[in-house]
Amino acid sequence: MPTRSSELSGLRPGHTKLRVVRKTDPSLLINLLDWLWDLVLLPFRLIGFLLFSPVLLVRFLFLQLSLLFKPSCSDLPRVSSHPTRSLETEHFSGSKYSLDLRKNQGRGVLDFRPIPLQAVFMEQPQHNVQDIKNLSAKQRLPALESPSERGSSRQSNGAGRYGFFKTKQFSSGLVLAAAIFLVVANMFYQTTLRIYRQVFAEATTGQEYLLLAENYIRAQDFPAAQDAFYKASQSFQIALDEMAKTKPAGVIPGVNTKLDIGELMISTGLMVSRAGYEMSIGLEPIFDIFSLEDSAQMTEDSMIADYTAQVMTVMMFARPQLRKSLAEINEARSLLARVDPGQVGSEYQDQLEQVVKQLDSLGEILDRVYSLSMILPDLLGNNGARHYLLVFQNNAELRPTGGFIGSYGVFSFDNGKLDQFFTDNVYNPDGQILVKGLCQLPPLPLQRLSLCWGMRDANWSPNFPTSAMDIIELYRQASERRVHGVIAITPEVLKDLLEITGPIYLSKWEEVVDSENAIDLIQYKVTLEQADTANPKTFLIDLSYELFDRVFALEKSSWTKLFNILDGALEKKDIQIFILDREQQRLIEKQGWAGSLLPNSHDYLLINNANVNGTKAHSFIEQKYQLTTNILQSGEVENTLQISYEHTGNWDWPSGVVESYQRVYLPLGAQLISSSAEQEGKRGITEVYEEVGKTVFADYIKIFPSSTLHITYRYSLPFTVAPFEERLAKYELVYQSQPGVYGIPLEHTIIFDPFEIMPLQATPGVELLDRGTIKSHLGKDKDVAYEIVFRRFSVLD
């Protein structure tokens, strides 16, 4: 029989290898406090109050509550006659931790929660609960209640498991927590309200300074504009700094979106004010030159030629500021693009759209001015003399880049000053090619006109940079001179310039040339009256000398009109520029001044004609283009293109039969299905080949006076309009007009299955006629590109 001592020793927890697992917290108050803590944290998360100090305060108060309202527990027993009892539990890492129960006498319940004895001894089958009760009585330890006794005891108390919720302690704690929450919430509200008021005030101040700066810019008071832009940027920066303090409020649903939009708008204002500051610094010297300020050498009667050197200097000075300004405007545009109009109030959506348009317009203007600052200094001979060919393209005899080259000129700039300028008949250098025995065959369609390729026929490629390279090479062969670039102009430019200079009297010819009769008079002198002379282009050459002398002598009051004319001519491709320097040419192409064929990722269309019988009757031809795009259920695309030519002239000069080599440029890989002509005029079978990265359908056509010719092409495209990410699909079209041809719209109709796809958004100008049909009118005198985004149809739409 074991002794009591050995019995007690065998019951010591330190001699067991039990693993104690607490599945529930024995303290109801601790559970209550945890629940109350989660309850109080919920409104804090909603209002975004994440500051550290209030959290510590609340935790401290909960600690006091736990100490104040803890359940009554007897002190741990003192057992002096036995060694220290320890409870060993195996940790998941394999190490052991010992808890000295004797050392914990007198400590609060929060230091270590007492572990029920039955949790320790429940796995020892040799002892029952009654033995443990007897042992506890002898050692004066608290008696252990069985689970059934403990449950009946609680029920007898009448409180039940949740009886604490009815106590005064719980009510007092809840009231105290609510009071703390209200105090802290009020502090947060007042602080946030103060910050918002300051943000609004600073943002409004910045906006007012921007409006003030705009007025200064219009008045060309650039120092005042700089000051206003600077103050606007300061106000917007302060507003952003203050707004950063409201980040905690961003966790509140609905508030975070408003805060993000506000931050984007204020950041946009900051970028615009910085861009305006740099822009005003860069533009000030430029406007000083053209306003004749701060220049003792210049007067109101000074000529443009007197300014070229100064223009070169100030453009170089303005480059850094214009570059910074352009970068910040682009940043502002990208920030504003992130604002969802649907998240902005309906009363502000129109204003937002207007701001976007203004920023886009300002960005385009700055980009153009910056490109000019990069191009002009070198064009004007900043790094040495620069020589350029000027070719006159007569669009009455239409050719791929604008018209037949009948005359040309050479001009030079050295250190910003016009060095020389002369014009000549193109047949003179072409004759030198023949004399030197350097002839080479021209492109096949031109061989009916000549077997020796010269400058007059060099603009055969519709891609002007390609034609310009041929012009430069043929001129070098003829004259043994090198030039740095080519500028091509049409008679429309001469006509527009005469509106500024006024009528010009040519005493040698006893003719008065003005904007009304210039084109017809040039046509008559060159092709009829002087056709049989040794130099039929003499009239045009004499007019060019006098006209450009007048242009370079224009007074200040006419400069704005001149710049507008040049800008419009560049946009309509009445002026096309090619420079051998790659970086300058890249900037020219970026502005759309190079006459280049544009790249395309989807659909593309260019209809190009070249006169091959030498008549000057193309001005009597009226053209119409109709393109029908059919998007099949499979996503494949088929196009039907109808081209109409109506000859409004008669058989008398300068009208007559027009023979043309027509080329239709399409996406690379397009497949011809069929081609036909409703009337006689299309000769032979349509040629299909590749050129300048496009697929070409080519035909010889003949158009008789007072007749109409319709040509139809049906072809498939090398891509599909199939839904991709998020059931979306896209169709894009790049349409380019031929230089020298005006007022020809493209009527484009898109047909699709409305039960397969439906249009989601499109470029402005595109009209949805009905389910399954989209129509747009594009082009006329400039290149356009547009897109339509489709979404796969769903019965839920």
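Some observations on this one:
- Per the conditions (1) modelled with pLDDT of 90 or more; (2) crowded, with 18+ Cβ neighbours inside 10 Å; (3) hydrophobic (A, V, I, L, M, F, W, C); (4) not in a helix (DSSP H, G or I), the sole criterion not satisfied by residue 413 is (1).
- Of all the criteria given as (1) among the small types (Gly, Ala, Ser); (2) modelled with pLDDT of 90 or more; (3) exposed (fewer than 14 other Cβ atoms within 10 Å of the Cβ), the one not satisfied by residue 534 is (2).
- All conditions in (1) over 24 Å from residue 696 (Cα atoms); (2) surrounded by fewer than 20 Cβ atoms within 10 Å (Cβ to Cβ) hold for residue 455, with the sole exception of (2).
- Condition broken by residue 370, with the remaining ones in (1) surrounded by 18 or more Cβ atoms within 10 Å (Cβ to Cβ); (2) among the aromatic types (Phe, Trp, Tyr); (3) assigned by TED's automatic domain parsing to the domain that holds residue 576 satisfied: (3)
- Residue 430 meets all of the listed conditions (1) at pLDDT below 95; (2) surrounded by fewer than 16 Cβ atoms within 10 Å (Cβ to Cβ); (3) under 22 Å from residue 486 (Cα atoms) but one, namely (2).
- Of the numbered criteria (1) touching a residue at least 12 places away in the same chain (Cβ under 8 Å); (2) assigned to a loop (DSSP other than H, G, I, E, B); (3) surrounded by fewer than 18 Cβ atoms within 10 Å (Cβ to Cβ), the one residue 462 fails is (3).
- Selected residue (criterion: nearest to residue 759 (Cα to Cα)) from residues of the stretch 580-611 that are buried (at least 20 other Cβ atoms within 10 Å of the Cβ) and over 28 Å from the mean Cα position of the chain (by Cα): 607
- Test: residue in the stretch 562-579 that is over 31 Å from the mean Cα position of the chain (by Cα), outside any loop (DSSP other than H, G, I, E, B) and in the same structural domain as residue 698 (by TED's automatic domain parsing): no
- Subset of the stretch 622-643 (residues that are under 30 Å from residue 458 (Cβ atoms) and either among the small types (Gly, Ala, Ser) or crowded, with 21+ Cβ neighbours inside 10 Å (or both)): 641, 643
- Residue in the stretch 536-547 that is of a type in the set (A, V, I, L, M, F, W, C), under 30 Å from residue 587 (Cα atoms) and in contact (Cβ under 8 Å) with a residue 40 or more places away in the chain present: yes
- With respect to (1) acidic (Asp, Glu); (2) farther than 30 Å from residue 792 by Cβ; (3) modelled with pLDDT under 95, the lone exception for residue 636 is condition (2).
- Selection status of residue 481, of a type outside the set (Ser, Thr, Tyr), at pLDDT 90 or above and outside any helix (DSSP H, G or I): yes
- Note on the stretch 386-422: residues that are of a type in the set (Ser, Thr, Tyr), under 39 Å from the mean Cα position of the chain (by Cα) and closer than 30 Å to residue 703 by Cα total 1.
- Of the residues in the stretch 349-369, at least one is modelled with pLDDT under 80 and either part of a loop (DSSP other than H, G, I, E, B) or more than 20 Å from residue 334 (Cβ to Cβ) (or both).
- Hey, residue 750 over 16 Å from residue 628 (Cβ atoms) and β-branched (Val, Ile, Thr) or not: no
The values are calculated or read from the model by the stated rules, or taken from the named source; none is laboratory data. Because the structure is predicted, anything quoted here is derived from the model rather than measured. Positions of Cβ are generated from backbone atoms using ideal geometry, with glycine treated the same way; all protein chains shown enter the neighbour counts.
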